[in-house]
1. Answer yes or no as to whether residue 172 is aliphatic (A, V, I, L, M) and either out of contact with any Ser or Thr (no Cβ under 9 Å at 6 or more places or on another chain) or not assigned by TED's automatic domain parsing to the domain that holds residue 422 (or both).
2. Out of (1) in contact with a Leu (Cβ under 6 Å, 6 or more places away or on another chain); (2) crowded, with 19+ Cβ neighbours inside 10 Å, what's the single condition that is false for residue 248?
3. Within region 129-151, is there a residue that is in contact with a His (Cβ under 8 Å, 6 or more places away or on another chain) and small (Gly, Ala, Ser)?
4. Among the listed residues 130, 72, identify the single one that is in contact with a Leu (Cβ under 9 Å, 6 or more places away or on another chain), part of a loop (DSSP other than H, G, I, E, B) and not assigned by TED's automatic domain parsing to the domain that holds residue 388.
5. Look through region 215-226, keep the residues that are buried (at least 20 other Cβ atoms within 10 Å of the Cβ) and under 22 Å from residue 314 (Cβ atoms), and return whichever of them is farthest from the chain's Cα centre (by Cα).
6. Condition test on residue 344, is it of a type in the set (A, V, I, L, M, F, W, C) and either more than 16 Å from the chain's Cα centre (by Cα) or within 20 Å of residue 429 (Cα to Cα) (or both)?
7. Return only the number of the condition from (1) at pLDDT 95 or above; (2) not charged (D, E, K, R); (3) not assigned by TED's automatic domain parsing to the domain that holds residue 421 that residue 159 does not satisfy.
8. Quick one: in region 275-313, which of the residues that are surrounded by fewer than 24 Cβ atoms within 10 Å (Cβ to Cβ) and charged (D, E, K, R) is farthest from residue 402 (Cα to Cα)?
Amino acid sequence: MGHIIEIPLGQTLSTGKPILWLNPEYQADKGFQSSELTLSDIHQADQRLRRFAALLQQLFPELLSSNGLIESELLSATNLQQQHYPDLSGRLMIKGDHALPVAGSVKARGGIHEVLCHAEQLALEHGIISSNDDDYLKLLNADAQALFSRYEIAVSSTGNLGLSIGIISAALGFRSVVHMSVEAKQWKKQRLRDRGVIVVEHSDDYSAAVAAGRAASNADPASYFVDDENSPRLFLGYAVAALRLQQQLIEQQIPVDAEHPLFVYIPCGVGGAPGGINFGLKQIFGAHVHCFFAEPVQAPCVLIGMLADDKAHPDSVYQAGLRVDTEADGLAVSMASGWVCSVIEKMLSGVFTVTDDELFINLFRLCQSEGIDIEPSAAAGFSGPAWLTETEPGKAYQQQHQLESSMHNATHLLWTTGGLFVPAEEMKKFAQRGAQLSAQ
């Protein structure tokens with residue numbers, strides 16, 4: 001299926017072939033402690049989202065059924081498992097963040113949490129609300145709208161984070177600016193413009209768009225820049241997903257313990273969302289959860305970041321002879337967040353890479369078997385179970401962590417990350433490409 005990474009790095013990665021890399025720094029039982037963040041911080045983020053729940057229902061009626069919480073379903077993938085993972089023992093499931101309301105991707109929790117942090121801070125400083133126990137619906141009154149209209153919220157994005165930040169910022173009354181890198185899809189730009197968001201298009205890649213957006217925001221004292229590369233607020237918003245997943249597993253009577261390990265496969269771009277989810281899951285499940293990130297063969301920026309001697313200053317994929325050439329726009333990132341790589345250094349089990357063809361085959365199979373539509377980026381994790389159970393490095397990981405005897409009780413969780421708002425015509429093209437590739 002692929003190759004173990006060899007040293008020097010460029011000799012293997014530059015071929016653009018799928019690989020599985022196992023993190024030599026991973027510490028299953030004690031590597032989930034962070035000097036910066038704790039489980040308490042995740043609970044505080046969750047509480048903030050709950051304080052805003054009534055307000056969010058007013059802004060977004062689609063949240064009425066969930067009482068204002070932005071959450072996705074935990075889905076059984078019985079048909080997918082029977083048809084395409086016939087030799088996989090244990091249980092295959094899907095965490096459906098492709099259908100997260102409001103923003104339509106995994107970025108919804110983190111992006112909306114960060115904007116709410118800023119809105120809450122401004123409202124407290126200016127007396128719109130007097131405490132965290134106040135009525136947050138006051139943030140919709142004329143005084144609050146007048147306040148927020150004096151401030152800007154800016155972000156750089158390949159697409160989905162821009163949708164998350166732009167939609168909530170504009171809805172609250174902020175001037176919202178999204179810097180879109182060259183990989184961003186046109187329909188995502190138009191969706192933002194339709195909501196009154198200013199979209200600044202860049203002809204360079206994500207890292208360059210971040211630098212440009214950050215510089216423009218820093219030049220304006222009234223502008224707040226949401227930095228996907230260095231934001232604990234974003235990170236903790238993403239980590240809230242772990243609390244929600246814990247509750248869903250309890251409700252479905254699915255244990256996670258030494259005899260029932262949980263394997264999670266998450267698509268990865270700059271690292272913020274999967275890093276936050278990884279962090280949250282390790283705080284809750286400790287040694288019993290194993291997180292693997294999925295990256296395009298041409299843009300494995302977090303893999304390269306995790307290999308750096310200095311995690312805070314990762315190399316770019318260009319230095320490994322790669323091109324960031326992928327249809328997975330949300331994963332088309334040349335350089336990882338050094339801060340995220342530092343935080344998850346001992347928490348991440350490994351990274352595997354996927355070709356674009358695999359993305360389209362996987363999204364087509366999911367649509368055919370379960371009737372679920374996702375965008376290409378969201379299909380990146382679907383190769384994970386095979387890497388873990390059918391390859392030598394995967395079997396070595398099982399052996400190293402004494403998992404062989406419990407694999408028949410394992411839960412394999414495919415984390416889908418985007419697709420809700422993809423135009424029907426675009427989704428049809430995805431499916432047609434996947435069907436053609438599957439037939440070959």
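The values are calculated or read from the model by the stated rules, or taken from the named source; none is laboratory data. Just so you know, these numbers come straight off a predicted model, no measurement behind them. Here the Cβ is made from the backbone with ideal geometry for all residues, glycine too, and neighbour counts use every protein chain on show.
1. On the way: aliphatic (A, V, I, L, M): yes; either out of contact with any Ser or Thr (no Cβ under 9 Å at 6 or more places or on another chain) or not assigned by TED's automatic domain parsing to the domain that holds residue 422 (or both): yes.
Yes.
2. (2) is the only condition that residue 248 fails.
3. No, because not a single residue in region 129-151 is in contact with a His (Cβ under 8 Å, 6 or more places away or on another chain) and small (Gly, Ala, Ser).
4. Numbers: 72 fails: not assigned by TED's automatic domain parsing to the domain that holds residue 388.
Going through 130, 72 in turn, just one is in contact with a Leu (Cβ under 9 Å, 6 or more places away or on another chain), part of a loop (DSSP other than H, G, I, E, B) and not assigned by TED's automatic domain parsing to the domain that holds residue 388: 130.
5. The qualifying residue farthest from the chain's Cα centre (by Cα) is 225.
6. Values: of a type in the set (A, V, I, L, M, F, W, C): yes; either more than 16 Å from the chain's Cα centre (by Cα) or within 20 Å of residue 429 (Cα to Cα) (or both): no.
No, not satisfied.
7. For residue 159, the failing item is (1).
8. 310
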